[in-house]
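As structure tokens, the structure follows; a few thoughts come after it.
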Amino acid sequence: MSETILFVDDEEELLIAASQTLKLADLPVLTFSEAELALNKVARDFPGIVVSDIRMPNMDGMTLLRKVLEIDPALPVILITGNGDVELAVDAMRAGAYDFLEKPYDPAHLIDVVRRALDKRRLTIENRLLRNQVGSRDAIEARLIGRSDVMVRLREQVRAVAATDADILVQGETGTGKEVIARAIHRASSRQTKPFVHINCAALPKDLVESELFGHVSGAFAGAVKSRFGKLEHGRGGTIFLDAVDCLEMNVQAKFLQAIQSRQITPLGSNEVIDLDVRFIAASKEPLDKAVAEERFRDDLYYRLNVVTLYAPPLSARRDDIPQLFMHLVAEAAARYRCPIPEVDSQALSKMATGNWLGNVRELRNAADRYVLGLHAVEEDQVVSDQTLVDRMNAHERAIITATLAANGGALKPTYETLGISRKALYEKMQKHGLDREKFA
């Protein structure tokens with residue numbers, strides 16, 4: 001059933017008037033003269049709301065409210081009260097009603113309240129869908145999306161290191177999801193209930209970088225009116241994520257080295273040593289060994305951070321993942337913008353899979369946002385053009401088959417029917433491109 005308003009009132013004239021008002025506003029409505037009839041339509045994840053008069057024979061509005069909330073506590077119920085029933089309205093709100101209207105109500109006000117309740121209901125259902133998708137997988141697989149060999153290997157590595165307290169270096173191009181990897185490690189570790197502190201080393205103010213990181217006491221420098229915790233101290237018990245660690249000044253690198261070695265810090269202007277129980281995860285978009293060779297990064301700090309190194313693969317190394325990843329990002333964007341999740345056809349997915357995503361996942365996320373907002377076109381400069389014609393045709397064919405398999409959950413019959421080819425032809429092409437249907441199930 002699509003979005004629907006269940007409107008209950010035992011007064012036939014008011015029921016007809018309300019129905020006409022809502023239908024004129026393009027709002028789908030079903031009307032009922034008895035609460036029991038409306039209750040029969042309610043189920044968990046019912047994609048609509050209930051609007052009901054309070055004072056009715058047999059089952060009244062308050063009883064209907066309680067029974068609806070027993071089925072789904074997040075389903076919005078709007079109650080209608082008579083003149084002077086302020087106390088009853090207050091009781092209704094305390095019992096869990098979304099809102100109430102007082103007779104005689106303004107039709108425009110009815111429409112406004114109903115639309116807000118429908119928006120809330122839509123968001124609730126979409127969030128449940130996303131949570132169910134995430135809940136069916138572990139914390140790592142839910143965040144690191146993809147069936148490609150490089151992503152399977154990355155998840156295995158993350159799973160292996162998450163259970164330890166080893167410091168980790170994550171390297172990869174811009175937009176490949178280094179922070180996502182760090183958060184997946186934190187979420188799957190024993191520190192998951194403690195803070196995850198993201199420090200963008202490239203954005204730290206040069207004049208106050210030491211104070212920002214290590215904290216200070218009152219009077220430590222001009223303007224230090226009161227003591228302040230540093231970002232490292234805020235992360236005690238949890239994970240410190242050092243984003244763009246290669247951007248740290250050399251003098252700050254020396255202090256960081258000391259903190260990582262000793263797991264202790266000393267705030268500016270203080271002699272008190274503070275113990276740090278943290279795990280460090282650092283990220284860099286360029287290979288740190290190159291920065292070490294160019295004497296822009298301390299080699300001793302590099303070796304301290306480089307206990308384990310993980311590599312975030314670019315989208316060009318995992319094109320088979322783009323359809324699934326794009327659909328996941330579309331669902332996230334729809335929830336964020338409070339929009340319905342749009343249908344993504346195989347043609348759109350194939351365009352995504354053959355795109356030249358220099359900004360990697362970050363750029364693909366922007367494309368998903370545009371898709372949800374109705375701006376579906378893939379720009380010309382996203383088309384891969386640095387290949388021979390044969391290579392480009394093969395890549396395009398592979399992308400179309402991959403996208404169609406992903407859209408059909410790996411089922412062959414709807415895939416070859418959609419592509420307009422025989423089962424044998426599909427099987428031969430899948431062998432040619434090394435595609436395994438099980439990966440799309």
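The values are calculated or read from the model by the stated rules, or taken from the named source; none is laboratory data. Small disclaimer: the values here were computed from a predicted structure and weren't measured. Backbone-built Cβ (ideal geometry, glycine too); neighbour counts: all protein chains shown.
Here are some notes:
- Evaluating Arg191 against the criteria (1) part of a helix (DSSP H, G or I); (2) buried (at least 16 other Cβ atoms within 10 Å of the Cβ); (3) not aliphatic (A, V, I, L, M) leaves one unmet condition, (1).
- Single unsatisfied condition, Val307 versus (1) under 26 Å from the mean Cα position of the chain (by Cα); (2) β-branched (Val, Ile, Thr); (3) surrounded by fewer than 19 Cβ atoms within 10 Å (Cβ to Cβ): (1)
- Every residue from region 398-441 that is aliphatic (A, V, I, L, M) and assigned to a helix (DSSP H, G or I): Ala399, Ile400, Ile401, Ala403, Leu405, Ala406, Ala407, Leu412, Leu419, Ala425, Leu426, Met430
- Of the helices (runs of 4 or more DSSP H) contained entirely in region 297-380, those carrying at least 3 residues that are outside the structural domain of Gly175 (by TED's automatic domain parsing) fall at 322-337, 346-353, 360-372.
- The single condition among (1) over 25 Å from Lys226 (Cα atoms); (2) assigned to a helix (DSSP H, G or I) that Phe256 does not meet is (1).
- Qualifying residue in region 287-306 (condition: modelled with pLDDT of 90 or more, under 26 Å from Thr404 (Cβ atoms) and of a type in the set (Asp, Glu)): no
- Look at (1) closer than 25 Å to Arg318 by Cβ; (2) at pLDDT 90 or above and you find that Arg137 fails only one, number (2).
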